[in-house]
Amino acid sequence: MWTWAVRTRVIVIAECMKESARGIQLAKESLGGVKATAVARFGLWDIISVEEGAIGHRDEAIAALEEALRDPLDSFEFWRSRAMIRLASLVGENNRKRAVSILEGAVALLSASHELPETETVKAMSELAIAQWLDCGDVARAFATWEEAARRLFEVVSKQRTDSWKALFVRFGHVSGYLASVASSGSPPKQTASGEPYAAPQPGMFLGDNAGLIEFYGRVKEHNLFAQLAMYADGLGRDESAKSWALKAVTDATAAGDVGAVSLSTIIAIPRLITSDQYDEAVRIAVVGGKASAEGMNRLRASADKPDWLVQREEASTEADEYSLLLAALPAALRIAKGVSARNDVQVATRSMSGACEAAAGQSNDPDLWTSLAVLFADMFIDRRPLAYLNAEANRLGERWGDTVRAIAYVGASVTADAPLEHSLILHDQVFRFARRMLQRKSCVYRLLLDPFVVEFWERALAERAFQFHAPRVVKAEFRTCLPRNNRGTRSRGFEGGRHRPFG
């Protein structure tokens, strides 16, 4: 009680009476008293650091915080963790690594406490993630810490949605948006949804409990945070995390009717579902994403003063199925065809995908499309129809349903037993041209599905049938130069075409 009485007097003198030097002097004089126990020393040095910092005495504030934290204590975890965060934000200006070390200690202190609310650990972990990012300028280092902080944040909300939680959530979402943008595009966001400049994360920003942030909270922001975390993980190639957060975003955003968040999250989730051979879930999510994308386009048409609602609904129906095919069916064809190239048993995967297409027919505006697709997958990968048949199917189905179905058939045709390498090369070129037109260049479909399929196919072809080329050594060397640049922790930029003609 004596310590807090002295602290209160110091605050009144320094902050209310505007006599900082006198208040600081009072605290220092009290340190020499008989009541200056280890707990008292912490409390007094802590308030000295606050007042020194308030008048711009950075070095003095650091020295006071170091004195406050010098003696080990078995209590006051809250105040000690706050002191550690403040110390880290001050020393981090010149020594980033020390700031990280101090914050790791704060997180450990709070994690071991059974009395403080979990939100305090979230704040300390958030500060640690920012410090880790600032230490090396690489958002990848901060990801694991940030993701764990997010998990803890959502664990708290499962119990209660208090005002303090909402304020923390808004601040956390702001930083998530910044880190996700840097990870996914290489650049920070330029402005907030309200048009204001997007402030970069700063050390110490999670210390305050700014009640004014509550007005920016909305339930919709929760699934937006799921989507941001999925973008963050996607940008770093953390596939399991990207899939997990994206699926949460799809579920929550679908219930809220947020078509933008649904569309973004399905793009991230589906390729990971396909690589896990979860074809049923991938197609189900693709149907949801296709409808959301079509609805988004419909809203854009409406906002552009094009009120022909009947035409818009018809266009949206077609677009929904086309987008669903692009999201799930083409990636699935690449995944299964890669298994064919590797001479794996692909019948189980094909039956799963065909069954998923049959199920999708019941939810589609064009059931014939999905039932025809189910048959096409069986033709390509179970019955192993010959090249001429699949080429004819590519033309027939493509004429009716467009280039996505044609590209799917081309993938299957390229791995038929009777396809000459020259013909496979032409088909792969057509698939890549289509992908470049329809997919973002940074899409994870390249890294997870398209590139692995092409690399697997041509590595085996060059190993077993190089004699079909006029200059096998030249072709092999050229193939190596155009392999995807897919270093660990980075996203593939896509298979690069060679400079020389491989045939003739």
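Where does region 1-92 land on Rg(C-alpha)/(2.2 N^0.38 Å)? Show your work: numbers first, answer last.
Numbers: Rg = 12.2 Å, N = 92, 2.2 N^0.38 = 12.3 Å.
Ratio of Cα Rg to 2.2 N^0.38 Å: 1.00.
Here Lys248 is the anchor, and the aspartates and glutamates within straight C-alpha reach of less than 18 Å, apart from those fewer than 8 places off in the same chain, are Glu147, Glu148, Glu155, Glu222, Asp234, Asp239, Glu240, Asp258, Asp280, Glu281.
List the DSSP H helices in the chain whose Cα atoms stretch 27 Å or more along the helix axis and whose mean Kyte-Doolittle hydropathy is at least -1.0. Before the final figure, lay out each step's value.
Numbers: long enough: 118-136 (28 Å, 0.08); 163-185 (33 Å, 0.40); 279-303 (35 Å, -0.15).
Flagged H segments are 118-136, 163-185, 279-303.
Might you tell me the accessible area per residue for the chain, computed with a 1.4 Å probe and given in Å²? It would help to have the intermediate numbers written out before the result.
Numbers: 23700 Å² over 504 residues.
Accessible area per residue: 47 Å².
Computed from the Cβ-Cβ distance with R0 of 30 Å, the FRET efficiency linking Ser113 to Glu215 stands at 0.45.
Reported to two decimal places, what Rg/Rh ratio describes region 182-287 when computed on Cα atoms with Rh from the Kirkwood expression? Please report the intermediate quantities before stating the final value.
Numbers: Rg = 15.6 Å, Rh = 15.2 Å.
Expressed as Rg/Rh, it is 1.03.
Using mean Cβ contacts within 10 Å as the protection proxy, how do 204-212, 250-258 order, highest first? Before the final figure, lay out each step's value.
Details: 204-212: 14.1, 250-258: 18.7.
With the highest mean Cβ count within 10 Å placed first, the list reads 250-258, 204-212.
Highest mean packing first, where packing is the average number of other Cβ atoms within 10 Å per residue, the peptides 64-72, 46-54 line up as 46-54, 64-72.
Size of region 1-156: Rg and Dmax of its alpha carbons, in Å, are 16.6, 50. Only one of [x] 58, 26, 18; [y] 37, 32, 23; [z] 41, 26, 20 was calculated from the structure for semi-axes √(5λ) of the Cα gyration tensor in Å, and its label is [x]. Highest average first, the peptides 459-469, 104-114, 371-381, 411-421 ordered by how many other beta carbon atoms sit within 10 Å of their residues are 371-381, 411-421, 104-114, 459-469. Seen from a random direction on average, the alpha-carbon convex hull of region 127-247 projects onto 7.1 square nanometres. Per DSSP H run of n ≥ 4, the term is -39500 (n - 2.57); total these for the chain, divide by its residue number, and report the mean residue ellipticity at 222 nm rounded to 500 deg cm²/dmol. Using -39500 (n - 2.57) per qualifying helix, the result is -22500 deg cm²/dmol. Scaling against 2.2 N^0.38 Å puts the C-alpha radius of gyration of region 319-394 at 1.07. Annotation: extensible slack from Leu207 through Glu240 equals 8.7 nm (criterion: 0.36 nm per residue apart, minus Cα-Cα distance). Separation of the alpha carbons by more than 19 angstrom is noted, of Lys28/Lys123; Lys243/Lys442; Lys123/Lys166; Lys97/Lys166, for Lys28/Lys123; Lys97/Lys166. Averaging the Cα positions of each part gives two centres, and for region 320-382 and region 40-119 these lie 58 Å apart. Charged neighbours of Gly212, selected by a Cβ distance under 13 Å, balance to -1 (K, R count +1; D, E count -1).
To the nearest 0.05, how large is the calculated FRET efficiency for Asp163 and Ala200 if R₀ is 25 Å and r is the Cβ-Cβ distance? Please report the intermediate quantities before stating the final value.
Details: r = 26 Å, r/R0 = 1.04.
According to the calculation, E is roughly 0.45.
The values are calculated or read from the model by the stated rules, or taken from the named source; none is laboratory data. Quick caveat, the model's predicted, so the values are computed rather than measured. Cβ sites come from the backbone with ideal geometry, for glycine too, and all protein chains shown count toward neighbours. These area figures cover heavy atoms from the full protein model, side chains too; ligands, DNA and RNA do not enter into them. Shrake-Rupley method; radii C 1.70, N 1.55, O 1.52, S 1.80 Å.
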